[in-house]
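Below is one structure; the comments refer to it alone.
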Amino acid sequence: MGISSVGVVGLGYIGLPTAAILAANGVSVTGIDVNPQTVDAVNRGEVPFVEPDLATYVGGSVATGKLRAVASPEPADCFIVAVPTPFQDGHEPDLSYVKAAAQAVAPQLRGGELIILESTSPPGTTQKLADWILEARPDLSLDGTDGRPVFHAAHCPERVLPGRVMVELVTNDRIVGGLTHEAAERARDLYRTFCHGEILLTDAKTAEMAKLVENSFRDVNIAFANELSVISDRLGIDVWELVRLANHHPRVNILQPGPGVGGHCIAVDPWFIVDAAPEDARLIRTAREVNDAKPGWVLDQVRAAVAGTEAPVIAALGLAFKPDIDDLRESPARRIVAELADEYPDAEILVVEPHVDQLPKELANRRNVVLGTIDDAAARADVIALLVGHSAFAQVSAGSIVDAGRVLSFVGPVAASPA
Ligand SMILES: NC(=O)c1ccc[n+]([C@@H]2O[C@H](COP(=O)([O-])OP(=O)(O)OC[C@H]3O[C@@H](n4cnc5c(N)ncnc54)[C@H](O)[C@@H]3O)[C@@H](O)[C@H]2O)c1
């Protein structure tokens, strides 16, 4: 049976682009979200967050009637689940959103449907999702036991880069893992409607692990660079020069150190591996700990630089979790600024973040934190902490705007954006 209708559960950064691209390729799509504002925005053809080109896809698909948003699932040939999978206080995965999605979809199944989990998930979650559906619908099965109607389940992790989502949905290779081979083949046929990359089939657990491993690979390598920066500082070595020289070896490629690791993927996903195999995931856990400790080391450097200065003006350059974006989620710079504000009530913490026009909530209501410009920082700051390598900070990094002696760079040399 071909798939002509799809329900996408969760219309966020991943679900809405997926819904829109399927609709633009002729599939009838119902987007389902528990947030009524999101449902209303999508039905007006609007996108509730920033992602280049997405508004054109959503507006066009809503206008042709191929995409509409609703509050709860309706019958469809396939459901794609793209709800959040955060971790809890002790870093254990929180699968409550996936469970809620499974329980919402279950009553709509008639037999023959494909359920695809796109949320980044610990190994075994696709099986759990199927089990939650079976709990609600014991009249169905995964394999036709006792002649009960079948449903299929697969995992297809997402590896798109925010800011390039509409391009990478089409061009990236994808991994599709089924609870059965038939489920994987059905999912492949659906993704083939818009994906021009290679589609690689495997089992569901391997597909779940592949996504986690991709982000852990990045995390472990960044931890190596971050540890080198701390060691180099102790030994009086310039880590940026060290990395540059070592990378001339034909088989060495050390990443750049930074003030920590942020965002909602690299800083989160490795914990799912640690949770799944706590005894064995020693390197992966240590990398997380090394990266999580880096903002504390940055704070120590700033403390040392302002020691003895009365009511210092401390400029923090950058709040985003990586260069040249406006995404502040889980950003180490944000944590550093909040701690400085707590620790130095008489200081002025001058935040320069050219990609936002207001401070995030937890900083906005603090008397000693203000949003300013590079010129303010150059004119008034006692110490300037360069926390994000935005290309807008290239001149500061090069020492040509302010006296380089006042600048503590935690991101290394910053390149200006190409004109
Ligand atoms: N954002 C990324 O760049 C990215 C990249 C790869 C993977 N992922 C993974 O994709 C998944 C989704 O992430 P996101 O960034 O799109 O999240 P998001 O927070 O942007 O969107 C999730 C949406 O799901 C909705 N929702 C929550 N529970 C629901 C339910 N029971 N029924 C219907 N809607 C529900 C929320 O209202 C929200 O609109 C996560 O597992 C994430 O780790 C995200």
How long is the gain from Asp173 to Gln127 if the chain were fully straight, where each residue apart is worth 0.36 nm and the alpha carbon distance is subtracted?
14.2 nm
In the chain the accessible area split gives carbon plus sulfur, as whole percent at 1.4 Å, a share of 52 percent
For the chain, alpha-carbon Rg relative to the globular expectation (2.2 N^0.38 Å, N residues):
1.10
With only helices counted (DSSP H, runs n ≥ 4, each -39500 (n - 2.57)), the per-residue ellipticity at 222 nm for the chain, to the nearest 500, works out to -12000 deg cm²/dmol
Could I have the simple spin-label model distance between Ala416 and Ala63, label points 7 Å from Cα toward Cβ, reported in nm to one decimal?
4.0 nm
Nitroxide proxy distance, nm - points 7 Å out along Cα→Cβ at His249 and Val50
4.0 nm
For the Cα atoms of the chain, what angle does the longest principal axis make with the long axis of helix 15-24, in degrees from 0 to 90, nearest 10?
50 degrees
Pull up the DSSP beta bridges for the range 5-197 and report the antiparallel fraction as a percent, rounded to 5.
10 percent
Quick one: helix 181-191 against the long Cα principal axis of the chain, what's the angle to the nearest 10°, folded into 0 to 90?
70 degrees
Student exercise, the chain dipole from Lys, Arg, Asp, Glu Cβ charges, in Debye to nearest 20:
560 debye
Please give the per residue accessible area of the range 5-197, computed with a probe of 1.4 Å over protein heavy atoms only, in Å².
40 Å²
Restricting attention to the range 205-274, which trypsin sites (Lys or Arg not before Pro) occupy a DSSP loop and are surrounded by at most 13 other Cβ atoms within 10 Å?
Arg251
Most mobile of Val105, Val252, Val34 in a GNM of the chain (Cα contacts under 10 Å)
Val252
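Enumerate by residue number the trypsin sites (Lys or Arg not before Pro) in the range 162-195 meeting two conditions: DSSP loop (anything except H, G, I, E, B), and at most 14 other Cβ atoms within 10 Å of the site's Cβ.
Listed in order of number, the matching sites are Arg164, Arg192.
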For the chain, set up a Gaussian network in which alpha carbons nearer than 10 Å are linked by springs, and say which option among Leu117, Leu371, Leu245 fluctuates the most.
Leu245
Of all beta bridges DSSP finds with both residues in the chain, what is the antiparallel percent, to the nearest 5?
5 percent
So Ala364 and Leu283, fully extended at 0.36 nm per residue minus their Cα-Cα distance, gain in nm 25.4 nm
Keeping every protein chain in place, order Asp53, Asp131 by accessible area at 1.4 Å, biggest value first, i.e. largest first.
Asp53, Asp131
With labels modelled as points extended 7 Å from the Cα through the Cβ direction, what inter-label distance (nm, one decimal) is found for Trp297 paired with Glu135?
4.3 nm
Between helix 96-105 and the chain: long-axis angle, C-alpha atoms, 0 to 90°, nearest 10:
30 degrees
In nanometres, the difference between 0.36 nm per residue of separation and the alpha-carbon distance of Glu339 and Ser5 is 115.3 nm
Using a 1.4 angstrom probe and counting only protein chains, how large is the accessible area of His249 in Å², to 10?
80 Å²
Sorted by accessible surface (1.4 Å probe, heavy atoms of the protein chains only), largest first, Asp346, Asp327, Asp233 come out as Asp346, Asp233, Asp327
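The values are calculated or read from the model by the stated rules, or taken from the named source; none is laboratory data. On a predicted model such as this, the values are computed, not experimentally measured, just so you know. Reconstructed Cβ throughout: ideal geometry from the backbone, glycine too, with neighbour counts over all protein chains shown. All accessible areas refer to the heavy atoms of the entire protein, side chains included, with ligands and DNA or RNA removed. Shrake-Rupley method; radii C 1.70, N 1.55, O 1.52, S 1.80 Å.
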